[in-house]
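Asks: Take this structure, written in structure tokens, and hold onto it; I'll ask about it next.
The values are calculated or read from the model by the stated rules, or taken from the named source; none is laboratory data. The shown structure was predicted, so the numbers you read here are calculated from the model rather than taken from an experiment. Glycine gets a Cβ as well: all are built from the backbone with ideal geometry, and neighbour counts include every protein chain shown.
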Amino acid sequence: LQHFEGETHVSFKSPFPDVEIPNLSVYDFLFGRVDPADADRPALVDGASGAVTTYQTLVGQIDGVAGALAARGLAVGEVVALHSPNVPAFAAVFHGILRAGGVATTINALYTAEDIAKQLTDSHAKFLFTVSPLLPQAKDAAARVGIPTENVIVLDGADGHPSLTDLLTEGHPAPEVSFDPATQLAVLPYSSGTTGRPKGVMLTHRNLVANVCQINPRMGIGADDRLLAVLPFFHIYGMTVLLNAALYNRAALVTMPKFDLVEFLSIVSAQRCTYVFIAPPVAVALAKHPLVDDYDLSSVHSVFSGAAPLDQELGRAVANRLGCRVRQGYGMSEMSPVSHAIPFDRDDIALDSVGPTIANMECKLVDPATGQEVAYPAEGVSAPGELWCAGPNIMAGYLGNEAATAETLDADGFLHTGDIATVDAEGVVTIVDRMKELIKYKGYQVPPAELEALLLTHPQIADAAVIGVLDDEGEEVPKAFVVAQPGAEDLDEAAVIAFVAERVSPHKKVRRVEFIDLVPKSAAGKILRKDLRAGEARRS
Ligand code: ATP
Ligand code: MG
């Protein structure tokens with residue numbers, strides 16, 4: 001492993017050799033050449049109905065969408081909003097927008113009219129694609145920002161709006177567009193809004209192409225794989241890892257519009273999915289829910305978790321129960337998103353780490369208190385520090401927010417992730433927690449993620465979340481919100497406090513407990529600790 005040591009400069013490069021990143025648009029990179037042998041392979045499978053879209057059909061639809069948008073006056077660099085859960089047509093529309101030189105801003109399917117309107121305004125979207133079940137809020141939002149009805153396209157059709165079929169039957173050829181993939185924006189996803197208002201993240205064609213090239217050798221996705229696509233395509237994880245990496249490999253994406261355990265298990269088993277992409281809440285269900293035993297999940301060879309911390313025990317429990325590989329990756333919207341992943345062919349890397357840095361990237365850890373770079377360890381594990389990353393997948397900046405961009409991206413090209421991490425002598429990185437979420441108990445740092453993972457090991461705890469709350473002396477103390485397993489009778493506050501106290505150093509003890517029915521989580525699978533904090537604030 002290479003690392004560079006100067007007086008104040010201690011960074012570490014990916015242990016993997018650089019990969020070549022072709023200077024192509026996303027469309028040319030993914031679909032510029034579809035091998036005739038791949039034309040009839042399934043690109044998308046509707047999980048519920050089993051309907052198949054082949055690669056040949058998909059490319060035809062992409063060209064058709066691009067042609068229809070160009071005929072409606074879409075110019076290179078203009079923004080088109082896509083507001084839809086995971087359905088097969090998402091791929092055609094998403095790549096059709098990019099093919100026409102447009103910039104796709106993907107909108108969370110759970111958003112209210114107000115949230116949608118905010119993103120439409122912020123991104124200056126000219127067109128809005130949606131689906132009929134989401135039309136009421138989409139229509140309301142479009143009206144508020146002045147997008148005319150004929151520019152609100154409803155994929156499955158609705159009175160007074162063009163449908164996807166309408167667009168495709170117009171038969172416009174894809175336009176000839178030319179732009180520089182290195183600088184032309186391709187997408188404007190919004191960060192999850194876990195810690196504040198979601199930010200529009202500007203990612204270029206090169207950013208997206210780079211991230212697929214960087215992760216591809218580590219993921220082991222093959223043309224015969226059938227990937228379960230329940231993680232939303234509108235979020236950067238689903239966009240790059242599913243929509244782009246899977247299609248690049250000519251694998252099949254089996255779509256599911258929203259997570260429901262029974263449906264998830266039936267689709268994985270009926271569609272013989274081989275590679276399942278999840279966030280940690282799904283891992284909790286896979287490890288703990290009794291229903292899992294009723295399904296034949298033997299087709300699954302790999303489960304890949306990202307978006308939030310996966311606990312080692314939990315990961316192992318999933319691997320044992322399903323008899324498959326479990327891997328973890330880390331990233332953020334601002335990195336297109338992946339910077340770290342445990343390679344598919346490495347069984348020896350601890351599951352609570354996020355693996356080595358992917359190719360073409362360089363990182364460092366910086367002590368947030370002193371601004372000093374943390375020394376790279378000659379052996380063992382480094383001290384914790386904020387993870388900074390540089391590479392070809394780093395965003396161009398936040399849309400219309402130079403102050404936030406300047407705070408996050410430094411002059412040397414390092415993105416300050418806001419996450420605290422450690423690195424070991426082999427270059428394997430472990431995420432401790434978000435800087436902003438660390439609880440400070442009498443000056444000691446307590447990572448809530450560590451306590452949540454510990455709580456989940458309790459057989460009577462179905463789910464848990466931890467935040468810092470102020471006690472009577474105004475001291476921040478860890479408080480656990482606990483969801484009890486059905487039938488857990490003797491689980492009370494004292495039992496939870498004692499369980500944690502027996503297993504952690506004194507400053508990390510949970511000092512308050514509240515029982516709740518459901519831990520609030522985002523569509524991408526993150527614990528919404530800010531919602532729990534807001535609940536606390538309302539009561540005090
Ligand atoms: P916002 O920036 O709007 O507050 P967000 O940071 O949740 O929201 P995303 O870009 O979707 O938006 O998520 C990136 C963050 O998710 C990372 O900064 C990190 O905190 C967390 N994350 C992602 N993967 C992992 C992982 N494997 N382990 C721990 N944390 C992770
Ligand atoms: Mg963030």
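Asks: So which residues in the stretch 457-507 are among the polar types (S, T, N, Q) and farther than 20 Å from GLY315 by Cα, if there are any at all?
Replies: Within the stretch 457-507, just SER505 meets the criteria.
Asks: From the list GLY487, GLY413, which residue is modelled with pLDDT of 95 or more, away from ligand 1 (no atom under 16 Å from the Cβ) and part of a loop (DSSP other than H, G, I, E, B)?
Replies: Residue meeting the stated conditions: GLY413.
Asks: Let me ask something additional. Is at least one residue of the stretch 54-71 more than 24 Å from the chain's Cα centre (by Cα), in a loop (DSSP other than H, G, I, E, B) and not β-branched (Val, Ile, Thr)?
Replies: No, because not a single residue in the stretch 54-71 is more than 24 Å from the chain's Cα centre (by Cα), in a loop (DSSP other than H, G, I, E, B) and not β-branched (Val, Ile, Thr).
Asks: Only strands (runs of 3 or more DSSP E) wholly contained in the stretch 309-399 count here; list those with 3 or more residues that are under 30 Å from THR274 (Cα atoms) and away from ligand 2 (no atom under 16 Å from the Cβ).
Replies: The strands (runs of 3 or more DSSP E) meeting that bar are 325-331.
Asks: Within the stretch 168-192, take every residue that is charged (D, E, K, R) and either within 12 Å of ligand 2 (Cβ to nearest atom) or free of Cβ contacts under 8 Å to residues at least 12 places away in the same chain (or both) and give me the one that is farthest from ALA524 (Cα to Cα).
Replies: If we take residues in the stretch 168-192 being charged (D, E, K, R) and either within 12 Å of ligand 2 (Cβ to nearest atom) or free of Cβ contacts under 8 Å to residues at least 12 places away in the same chain (or both), then GLU176 is farthest from ALA524 (Cα to Cα).
Asks: Looking only at the stretch 504-528, count every residue that is part of a loop (DSSP other than H, G, I, E, B), at negative phi and touching a helix residue (DSSP H, G or I) at 6+ places or on another chain (Cβ under 6 Å) and tell me the total.
Replies: Counting residues in the stretch 504-528 that are part of a loop (DSSP other than H, G, I, E, B), at negative phi and touching a helix residue (DSSP H, G or I) at 6+ places or on another chain (Cβ under 6 Å) gives 3.
Asks: Do we find that GLY331 is of a type in the set (Gly, Ala, Ser), under 19 Å from ILE221 (Cα atoms) and free of Cβ contacts under 8 Å to residues at least 40 places away in the same chain in this structure?
Replies: no
Asks: Can you find even one residue in the stretch 359-372 that is buried (at least 24 other Cβ atoms within 10 Å of the Cβ) and β-branched (Val, Ile, Thr)?
Replies: no
Asks: Looking at THR165, THR195, can you tell me which residue is within 16 Å of ligand 2 (Cβ to nearest atom), closer than 25 Å to ILE116 by Cβ, of a type in the set (S, T, N, Q) and not in a strand (DSSP E or B)?
Replies: Just one listed residue meets the conditions, THR195.
Asks: Could you tell me whether the stretch 177-198 includes any residue that is within 15 Å of ligand 1 (Cβ to nearest atom) and more than 30 Å from ALA406 (Cα to Cα)?
Replies: The answer is no; no qualifying residue exists.
Asks: If THR105 meets every condition in (1) of a type outside the set (Asp, Glu); (2) under 30 Å from LYS436 (Cα atoms); (3) outside any strand (DSSP E or B) apart from one, which number is that one?
Replies: Unmet condition: (3).
Asks: Is it true that VAL282 is over 17 Å from LEU456 (Cα atoms) and not small (Gly, Ala, Ser)?
Replies: Against the criterion (over 17 Å from LEU456 (Cα atoms) and not small (Gly, Ala, Ser)), VAL282 does not qualify.
Asks: While we're on this one: Looking only at residues in the stretch 418-443 that are of a type in the set (Lys, Arg) and within 16 Å of ligand 2 (Cβ to nearest atom), which one is surrounded by the fewest Cβ atoms within 10 Å (Cβ to Cβ)?
Replies: LYS436
Asks: Now a separate question. With the condition kept exactly as written, say whether any residue in the stretch 369-379 is over 25 Å from GLU450 (Cα atoms) and within 16 Å of ligand 1 (Cβ to nearest atom).
Replies: No - not one qualifying residue is present in the stretch 369-379.
Asks: Still on this structure, I have one more. How many residues, within the stretch 60-86, are among the β-branched types (Val, Ile, Thr) and buried (at least 24 other Cβ atoms within 10 Å of the Cβ)?
Replies: Summing the residues that are among the β-branched types (Val, Ile, Thr) and buried (at least 24 other Cβ atoms within 10 Å of the Cβ) in the stretch 60-86 gives 3.
Asks: Any chance the stretch 528-537 includes a residue that's within 16 Å of ligand 1 (Cβ to nearest atom) and at pLDDT below 90?
Replies: Checked against the condition, which is being within 16 Å of ligand 1 (Cβ to nearest atom) and at pLDDT below 90, the stretch 528-537 yields no hits at all.
Asks: Give the residue that is farthest from ASP352 (Cα to Cα), with candidates limited to residues of the stretch 301-321 that are more than 19 Å from the chain's Cα centre (by Cα) and surrounded by fewer than 22 Cβ atoms within 10 Å (Cβ to Cβ).
Replies: Looking at residues that are more than 19 Å from the chain's Cα centre (by Cα) and surrounded by fewer than 22 Cβ atoms within 10 Å (Cβ to Cβ), I get HIS301.
Asks: Run ALA91 past the list (1) part of a helix (DSSP H, G or I); (2) among the aliphatic types (A, V, I, L, M); (3) over 19 Å from the mean Cα position of the chain (by Cα); (4) crowded, with 20+ Cβ neighbours inside 10 Å and report the number of the one that doesn't hold.
Replies: Looking at each condition in turn, ALA91 falls short on (3).
Asks: Could you list, in sequence order, the residues of the stretch 298-308 that are away from ligand 2 (no atom under 16 Å from the Cβ) and either in contact (Cβ under 8 Å) with a residue 60 or more places away in the chain or part of a helix (DSSP H, G or I) (or both)?
Replies: SER299, SER302, PHE304
Asks: Answer yes or no as to whether VAL209 is more than 16 Å from ligand 1 (Cβ to nearest atom), part of a helix (DSSP H, G or I) and over 17 Å from LYS118 (Cβ atoms).
Replies: yes
Asks: For the stretch 251-297, give me the residue count where each residue is crowded, with 18+ Cβ neighbours inside 10 Å, farther than 29 Å from ALA449 by Cβ and not small (Gly, Ala, Ser).
Replies: 6
Asks: Separate question: Hey, any hits in the stretch 496-510 for a residue that's within 25 Å of the chain's Cα centre (by Cα) and among the hydrophobic types (A, V, I, L, M, F, W, C)?
Replies: The answer is no, given that none of the residues of the stretch 496-510 is within 25 Å of the chain's Cα centre (by Cα) and among the hydrophobic types (A, V, I, L, M, F, W, C).
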